Amino acid sequence: MRAIADGNLEATKEFGKEMYFCLGCLACETACPANVDYAHMFETARSEVERSGQLDTPKRTIIRTLTLRFLFMRPRLLRFIGRLLWIYQATGFQSLFRALHLNRLLPRDFRELEPITPTVRSKFSHQLIAPTEKPPAGAKRKVALLTGCVQDLVLPEINRDTADVLLANDCEVFTPPVQPCCGSLHGHNGELELARTLARQQIDLIDPFGVDAIISNAGGCGSHLRHYDRLLEDDPIYREPAAEWSRKLKDIHEYLVEIGFRKPLASPLSGPVTYHESCHLSHGQHIVSQPREILRSIPGIQLVELPESQWCCGSAGIYNITQPEMAAKLQKRKMNHIQHTGAPIAATANPGCHLQLENGAINENLSLRVAHPITLLAEAYRAEKNASPQNGNR
């Protein structure tokens with residue numbers, strides 16, 4: 001990788017295949033005693049693979065153009081496609097399509113992907129969260145909330161829960177209604193220039209100098225968002241705001257622990273909960289203890305440690321799409337460990353992991369609820385509020 005970056009070797013097809021077979025989970029960074037910045041090397045290497053065109057085929061070019069270079073560069077279009085998919089699912093056409101086994105008519109690649117199509121929600125983040133929300137007792141801090149692109153469509157309730165938790169901890173929450181992709185999909189797949197374009201759009205949308213923190217609740221997104229300073233270090237206009245952005249970027253668990261979050265006094269939950277660590281949250285952002293601290297603060301929950309909790313579940317961005325066989329092996333290994341904990345709830349803090357675990361539970365016929373730690377905390381705050389004396393309950 002270093003030799004190719006330095007121009008001493010040319011990228012080959014074999015090198016390209018190896019770079020895309022790598023999960024990019026960054027476990028090597030955690031293990032490396034020399035603190036090698038593999039994340040930077042990884043993105044640079046994949047960028048060089050794309051520049052060299054070693055893996056180009058007409059099919060691959062069309063797919064990357066339609067997704068990375070077109071759809072995920074246009075948030076309104078992405079929401080429109082999401083709305084069409086919701087209509088397809090809500091009207092029962094998807095169920096009928098599957099019942100009639102019409103997926104057999106699809107090309108092989110699409111036939112294999114169809115069963116893991118996520119369920120799109122009826123309301124997206126901007127329909128659940130106002131652009132500005134303030135706590136009733138007054139705000140001590142002002143934060144900006146990032147809603148993501150995929151999470152905005154398939155798990156927007158996590159964003160609502162995040163806003164509620166921030167409000168409960170005296171934060172004014174600024175949530176722009178139309179947000180571009182953070183660029184992690186592009187950065188991790190060799191499209192660094194597109195990632196820079198999206199970073200500039202984010203900074204134009206959210207002034208990092210105008211808030212106390214910029215909050216991410218998705219492990220994979222947050223790992224990329226932290227490095228806007230490096231991504232735009234050669235941009236004379238955006239260099240300074242990008243540095244401020246990276247300084248203000250906080251994972252939600254990290255931020256809550258930093259400000260001394262209020263521990264809930266009630267909870268609708270009881271029993272064991274286990275925790276699967278998002279690779280980019282633990283290895284990329286080094287956020288390990290904070291989610292556990294939040295989970296342990298919730299009354300009634302007993303946190304059961306998951307064996308190999310830092311091992312990848314196989315999602316790894318779009319790895320379960322590009323490398324389905326290896327992703328399935330990792331998914332099965334993860335589900336076996338979850339099942340052995342005996343916990344009916346698995347907490348995780350990344351939309352890719354979330355969907356991968358839900359699909360894994362379906363594959364294993366396992367009754368399992370997958371939830372973001374912040375969702376469990378939000379539910380506890382709501383239970384506390386419902387049990388308060390002013391609501392007539394004690």
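The numbers here are math on the coordinates, done by the rules we state, and not lab data. Please read all numbers here as calculations on a predicted model, not as lab measurements. Cβ placement follows ideal geometry from the backbone for every residue including glycine, while neighbour counts extend to all protein chains displayed.
Whole angstrom only: what separates the Cα centroid of the stretch 304-381 from the Cα centroid of the stretch 59-123?
A separation of 22 Å, based on Cα centres.
What ³J(HN,Hα) values, in whole Hz, does the Karplus curve 6.51 cos²θ - 1.76 cosθ + 1.60 give for the stretch 272-278 when θ = phi - 60°, with x put for Gly and Pro?
x, 9, 10, 10, 9, 8, 4
For 240, 191, 157, which order do you get if you count the other beta carbons within 10 Å of each Cβ and list the fewest first?
Fewest-to-most ranking of 240, 191, 157: 240, 157, 191.
Contact order normalised by length for the chain, with contacts defined as Cα pairs under 8 Å and 6 or more residues apart; what percent is it?
Relative contact order of the chain: 15 percent.
What are the residues whose amide H is under 5 Å from the amide H of residue 251, where those residues sit 5 or more places off or on another chain and H is modelled from the backbone?
216
For the stretch 125-259, what relative contact order do you get, as a whole percent, if you take Cα pairs closer than 8 Å and at least 6 residues apart?
Relative contact order for the stretch 125-259 comes out at 25 percent.
Would you list, by chain and number, the lysines whose Cα falls below 20 Å from the Cα of residue 13, excluding same-chain residues fewer than 8 positions away?
59
Label points 7 Å out from Cα along the Cβ direction at residue 56 and residue 17: separation in nm?
2.0 nm
Gain in length, residue 31 to residue 6, computed as 0.36 nm per residue apart minus the alpha-carbon separation, to one decimal in nm?
Extra length available between residue 31 and residue 6 comes to 6.5 nm.
Only Cα pairs under 8 Å and at least 6 apart count here; give the relative contact order of the stretch 15-155 as a rounded whole percent.
Relative contact order here is 19 percent.
Taking 29 Å as the cut-off for C-alpha to C-alpha distance, list the pairs among 123/250; 134/248; 334/385; 250/334 that go past it.
Where the Cα-Cα span goes over 29 Å, the pairs concerned are 334/385.
What is the extension gain from residue 66 to residue 83, computed as 0.36 nm multiplied by their sequence separation minus the C-alpha to C-alpha distance, in nm to one decimal?
4.4 nm
Alpha carbon centre of the stretch 254-288 versus the stretch 15-29: separation in Å?
27 Å
Using a Gaussian network for the chain with springs between C-alpha atoms less than 10 Å apart, which of these wobbles most: 153, 376, 100?
Its mean-square fluctuation being the largest, the pick is 100.
Please report the spacing between the Cα centers of the stretch 132-150 and the stretch 178-201 in Å, no decimals.
Computed from Cα coordinates, the inter-centre distance equals 23 Å.
For residue 145, list long-range residues whose amide hydrogen, built 1.01 Å from N in the peptide plane, is under 5 Å from its own amide hydrogen.
Under 5 Å from the amide H of residue 145: 174, 175, 215.
Here are labelled values, (i) 137, 49, 37; (ii) 65, 51, 35; (iii) 70, 57, 44, and one is the computed Cα extents along the principal axes in Å for what I pasted. Which one?
Here Cα extents along the principal axes in Å agrees with entry (iii).
Between residue 170 and residue 293, what is the FRET efficiency for a Förster distance of 22 Å, r being their Cβ-Cβ separation, to the nearest 0.05?
Computed FRET efficiency for residue 170 and residue 293 comes out at 0.70.
List the residues, sorted by chain then number, that are 5 or more residues from residue 370 or on another chain and whose placed amide H is less than 5 Å from its amide H.
346
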